[in-house]
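Reading through the structure tokens given below for one structure.
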Amino acid sequence: MKSPSKQRNSQEMYDEDKLKQTVNEQLDNSINRLEKNTLADIVQARSAALSKLAEQAEQSPYMPLFSRVIDRLSSNQTAPWLIPSAAALIIAISVNYLSVEAIPELPLALMAGELPTEDLALLEDLEFLTWLAKNEMDAVL
Amino acid sequence: MEEFLVDIEKRAYRMAVLATRSHADALDLLQDSMIKLVTKYHTKPNNEWKPLFYKILQNRIRDWHRHQKVRNLVYFWKNDDADEWLPSQTYEAVLDTPEQELQKTQQQSAALKQLEQLSTKQQQCFLLRSWEGLSVAETAEIMSCSQGSVKTHYFRAVTKLRAMMEDDDEITF
């Protein structure tokens, strides 16, 4: 013979199951009786989602890393300021990196010696001079 | 993926409608959730789609409610009609007697209205546990809460529903 508390628990479980069954039946009936317009709207939503999947499949599987990063950042609802801040930081670093003061000076020893005409022509090219100076600095270090 | 969406879309729509009480908003949430699932998680195993989809939907519902709170604070002087309802509330006629049809319609409307009167968390917890048949652990994962919270929400939902149904329909459980 069950104790009164166990009997109450059994009764409560039975009541809960009966309530669940009642509510679930009514919910099932409600979706089986949706209006045609509503069903059409739902089908349209599904089609829109599946078309996104098809678009994604057509794209190159190797999305550029940059666009993947942007996509992830832009989907982050809590930090909309990230992209403008990152852009400002990149611009600031680029401006500083390209400032005139950052260009190393020419090594004086290179200018003192006599150079062939061909080499002199090359040396007049600023990029070659910079590269040469950098290599000299790396060798010293 | 299409078969999965066809299987789940009506129930998901009903859950969204109960949470938002708006056909248009529910449709937006449903579409957003579907798009996120198919674009971000279509490579996951099939058995993970259902909990993933409902988690996405629950997050969307939560965001919608937060947005509504802010909107209501800003536009507090606007008097929205709280009783505005949806096309899905009307039902197509079936081959029943008028009395049977009326009784069915009233019962269905009553169940939906009673579910509406629950808080969003209790309502969604009940739907996920009872209607979808998800476990406590799965529901906790979907709703981003503890298993204890799920049990609490579910217990409160059942208690309130029982009380409402007994009051409204004079049904004893």
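The values are calculated or read from the model by the stated rules, or taken from the named source; none is laboratory data. Keep in mind it's a predicted model, so treat the numbers as computed, not measured. Cβ placement follows ideal geometry from the backbone for every residue including glycine, while neighbour counts extend to all protein chains displayed.
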Problem set entry | B:Gln100 vs. criteria modelled with pLDDT under 90, farther than 27 Å from B:Ile142 by Cα and not hydrophobic (A, V, I, L, M, F, W, C) | yes
Exercise. Based on what the data block shows, is B:Ser130 part of a helix (DSSP H, G or I), of a type in the set (Gly, Ala, Ser), modelled with pLDDT under 90 and over 17 Å from B:Asn59 (Cα atoms)?
Worked result: no
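For segment B:111-121, check the following and say yes or no: at least one residue is more than 10 Å from chain A (Cβ to nearest Cβ), in contact with an Asp or Glu (Cβ under 8 Å, 6 or more places away or on another chain) and not acidic (Asp, Glu). Give the derivation first.
Here is the first cut: in segment B:111-121, the ones more than 10 Å from chain A (Cβ to nearest Cβ) are B:113, B:116-121.
Pick out the ones that are also in contact with an Asp or Glu (Cβ under 8 Å, 6 or more places away or on another chain) and you get none.
No: zero hits.
Sort through A:Glu55, A:Glu16 and tell me the only one that's within 14 Å of chain B (Cβ to nearest Cβ), surrounded by 14 or more Cβ atoms within 10 Å (Cβ to Cβ), modelled with pLDDT of 65 or more and in a helix (DSSP H, G or I).
On the way: A:Glu55 fails: surrounded by 14 or more Cβ atoms within 10 Å (Cβ to Cβ).
Within the list A:Glu55, A:Glu16, the selection yields A:Glu16.
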Exercise. Does segment B:1-12 hold any residues that are without any contact (Cβ under 8 Å) to a residue 24 or more places away in the chain and either of a type in the set (A, V, I, L, M, F, W, C) or within 9 Å of chain A (Cβ to nearest Cβ) (or both), and which are they?
Worked result: B:Glu2, B:Val6, B:Lys10
For this session: Out of B:Gln123, B:Gln147, report the one residue that is at pLDDT 90 or above, surrounded by fewer than 15 Cβ atoms within 10 Å (Cβ to Cβ) and either touching a helix residue (DSSP H, G or I) at 6+ places or on another chain (Cβ under 6 Å) or under 16 Å from A:Ser30 (Cα atoms) (or both).
Result: B:Gln147
Exercise. A:Gln21 fails exactly one of the following numbered conditions: (1) at pLDDT 90 or above; (2) of a type in the set (S, T, N, Q); (3) within 23 Å of B:Leu128 (Cα to Cα). What is the number of that condition?
Worked result: (1)
Problem set entry | Output for segment B:109-127, where each listed residue is more than 11 Å from B:Gln58 (Cα to Cα) and among the hydroxyl-bearing types (Ser, Thr, Tyr) | B:Ser109, B:Ser119
